[in-house]
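Beneath this line is the structure, given in structure tokens, with notes to follow.
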């Protein structure tokens, strides 16, 4: 496509293509083996300690299990795993009174 001395920009303009299409494509996201191992450990810890958050789980994995993990990774994995579990089923108490008060102010 490119002759010696011709820039990529000029060659792409001549052909009417974009420059971004001339570079190799990266592969999509792959689930790492470490994430799968962490998910299994998080599930075990969740059964044993259902009220622990990501900070306590990270500390446990670091100091008791000896696993080098980032707290942001643990937080993301926990959010993805238990997103649908931790949602409240009923609206919090007092919400209806607040809505009525807001309607009176309008």
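The values are calculated or read from the model by the stated rules, or taken from the named source; none is laboratory data. Predicted, not measured: the structure shown is a model, and the values here were computed from it. Please note: Cβ atoms are built from the backbone with ideal geometry, for glycine as well, and neighbour counts cover all protein chains shown.
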Residue within region 8-17 that is at pLDDT 85 or above and exposed (fewer than 10 other Cβ atoms within 10 Å of the Cβ) present: yes
Enumerated helices (runs of 4 or more DSSP H) restricted to region 54-106, each holding at least 3 residues that are at pLDDT 90 or above and either over 16 Å from residue 42 (Cβ atoms) or in contact with a helix residue (DSSP H, G or I) (Cβ under 8 Å, 6 or more places away or on another chain) (or both): 54-59, 71-82
